[in-house]
Amino acid sequence: MNATTGTPAATAPTAPAPTATGPDGRPARAIDWSEPFCSEGANCFRFGLDGTGRAYIGSTLAPGAYVSDSAESLRALIHAVKSGAADHLL
């Protein structure tokens, strides 16, 4: 049953404008990406930093997808990969 009381309906509050979000659901950040590093074929990766000092590793095939952590953590990851710690994955 629909009833009308004669009083004007309250207007719904307006929602804030949507903001872009990253793959983790947090607000997107402006990332300063380096030139892509490409190995064989189209296997290209790029490194980036944002204004807060977070470091990023992303693929050029999926621009919105990336791994992000502190610069120190990603530096340790790269060092471990270079020393062979991930060779068993290849």
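Values quoted throughout were computed directly from the atomic coordinates according to the rules given, and no laboratory measurement underlies them. This one's a predicted model, so the numbers in the text were calculated from it and none came from an experiment.
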Residue by residue through the stretch 65-79, the couplings from Karplus 6.51 cos²θ - 1.76 cosθ + 1.60 with θ = phi - 60°, in Hz, x for Gly and Pro, are 9, 7, 9, 9, 6, 5, 4, 5, 5, 5, 5, 5, 4, 5, 4
Full extension between Leu89 and Ala42 adds, at 0.36 nm per residue less the Cα distance, a length in nm of 14.9 nm
